[in-house]
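Accompanying notes for the structure given below.
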Amino acid sequence: MADRNKFGFDALDTGLPSKRRERSVGPMGAAVREAAASLQETTEAKVEQRRRNAEDAKAFREAEASGLVLRRLSIGDVRTDDLPRDRLELEAVASSDEMEELKASIRARGQREPIEVFLDPKGRYQLKKGWRRLTALKQLYLETDDRAFSEVVARIDNAETEDRVARYVDMVEENVVREDLTFAEMAQVALAAASDPDVPETDAEALVARLYGSLHKMKRSYIRSFVFLLAELGTSLQWPRAVTRNVGVEVVRTMKAQPDRVGGLRRALAAVAAVEDQAQVLSDFIADRRKEDRPKRERREKYEFHVGTTKVTARKGECRIVSGDDFADIPKDRLMRAIRAFEAALHEEEGNPRVTQL
């Protein structure tokens with residue numbers, strides 16, 4: 001039964017289904033709805049952006065802590081006085097043809113490989129890898145006054161490690177892989193690490209195994225030989241980089257076999273004025289040992305030989321000649337001349353011929 005209206009009439013039953021009146025949204029309502037939808041989308045986008053920003057910030061912090069972030073640093077802010085360099089004769093390297101080639105490459109293409117630095121206890125950037133690249137940029141800036149060379153691209157090692165030896169390993173590993181270091185330079189790193197107050201190990205030869213653990217054991221043996229060489233000769237060896245592997249190893253063998261000659265070697269090396277003279281001194285030092293090492297010919301009690309039909313037996317104080325000739329039939333003066341010629345021939349190689357007056 002249909003509901004009655006307020007006037008008491010029943011609703012007119014037309015037999016057709018009733019229709020609800022649909023209310024259309026006005027301009028204001030549409031604007032409100034659109035604004036609400038837009039606000040919701042904006043809020044969701046901002047929430048998503050914040051989430052991404054947080055993830056990116058976390059990833060950046062992790063990358064920075066791992067030393068994967070590159071930064072531009074002023075070349076004047078990078079110090080080189082914490083770790084001793086893995087190169088000897090730095091001035092010679094800085095003025096070498098190889099340095100000029102590196103500068104030409106950086107001038108043409110820019111710095112392609114970053115250097116690596118770490119923070120010292122005072123918060124200063126200290127160089128770990130890339131001394132040649134940093135030096136090339138400094139030289140280019142002085143030569144050109146171009147601001148493009150006033151900054152260096154660097155990877156910053158933020159790892160808080162107390163293992164000082166690991167810093168030395170990081171410093172040398174790049175040049176070792178490139179085979180850019182001499183055995184003398186690698187030995188010098190071990191000596192420097194052993195004298196570093198922050199390194200507990202004081203035995204340079206023992207440190208070779210840690211510093212160059214990736215190298216073949218034979219190469220490590222060569223490095224230990226050069227550690228001994230540099231430690232024993234010190235500053236008297238004026239051009240250690242010029243000492244080849246074989247010469248260095250042989251000199252060390254001689255020094256260990258004949259320690260009484262080491263002092264003379266130091267004095268001889270300290271007196272040389274050129275690298276060629278140094279090489280000659282080392283070569284002579286080795287040669288003298290080899291002469292002494294030659295086995296001496298064993299002295300025989302006697303020996304015999306034949307000259308024609310004549311048999312000669314030689315022993316200490318006696319030379320017996322057995323022949324078919326009758327020496328009693330030979331005139332005495334002829335036999336005396338023969339004996340004088342015999343003695344003269346025996347001693348002529350001594351430079352002081354001795355003739356017996358018979």
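The values are calculated or read from the model by the stated rules, or taken from the named source; none is laboratory data. For clarity, every value in this text was computed on a predicted model and none was experimentally measured. Note that each Cβ is placed from the backbone with ideal geometry, even for glycine, and that neighbours are counted across all protein chains shown. Just so you know, the surface numbers come from the protein's heavy atoms only, side chains and all, with ligands and any DNA or RNA stripped out. Shrake-Rupley method; radii C 1.70, N 1.55, O 1.52, S 1.80 Å.
Side notes on the structure shown:
- Inclusion of V199 among residues that are over 29 Å from V249 (Cβ atoms) and either of a type in the set (S, T, N, Q) or not in a helix (DSSP H, G or I) (or both) is not warranted.
- Sole residue being open to solvent by less than 60 Å² (accessible area, probe 1.4 Å), out of contact with any Cys (no Cβ under 9 Å at 6 or more places or on another chain) and at pLDDT below 75, chosen from A92, A59: A59
- Screening the range 132-154 for residues that are open to solvent by less than 40 Å² (accessible area, probe 1.4 Å) and touching a strand residue (DSSP E or B) at 6+ places or on another chain (Cβ under 8 Å) and picking the one that is nearest to V69 (Cα to Cα) gives A154.
- Some residue of the range 197-214 being buried (at least 20 other Cβ atoms within 10 Å of the Cβ), touching a strand residue (DSSP E or B) at 6+ places or on another chain (Cβ under 6 Å) and not charged (D, E, K, R): no
- The C-beta contact set for the range 140-155 (first residue closer than 17 Å to Q126 by Cα, second residue among the acidic types (D, E) and in a helix (DSSP H, G or I), distance under 6 angstrom, 6+ apart or interchain) is empty.
- Leading residue by the ranking (modelled with the highest pLDDT) among those in the range 304-316 that are part of a loop (DSSP other than H, G, I, E, B) and open to solvent by 90 Å² or more (accessible area, probe 1.4 Å): K316
- Close pairs from the range 117-131: first open to solvent by 50 Å² or more (accessible area, probe 1.4 Å), partner aliphatic (A, V, I, L, M) and at pLDDT below 90, Cβ under 7 Å, at least 6 apart: Y125/L119
- The one condition in (1) over 10 Å from the mean Cα position of the chain (by Cα); (2) outside any helix (DSSP H, G or I); (3) aliphatic (A, V, I, L, M); (4) crowded, with 18+ Cβ neighbours inside 10 Å that L181 fails to fulfil: (1)
- For the range 238-257, filtering for residues that are over 13 Å from F183 (Cβ atoms), out of contact with any helix residue (DSSP H, G or I) (no Cβ under 6 Å at 6 or more places or on another chain) and of a type outside the set (D, E, K, R) leaves 2.
- Condition met for A231 (assigned to a helix (DSSP H, G or I), under 22 Å from L83 (Cβ atoms) and open to solvent by less than 20 Å² (accessible area, probe 1.4 Å)): no
- The number of residues in the range 269-285 being over 27 Å from the mean Cα position of the chain (by Cα) and open to solvent by less than 40 Å² (accessible area, probe 1.4 Å) comes to 2.
- The range 244-265, subset within 11 Å of L229 (Cα to Cα) and of a type in the set (D, E, K, R), residue least open to solvent (accessible area, probe 1.4 Å): E250
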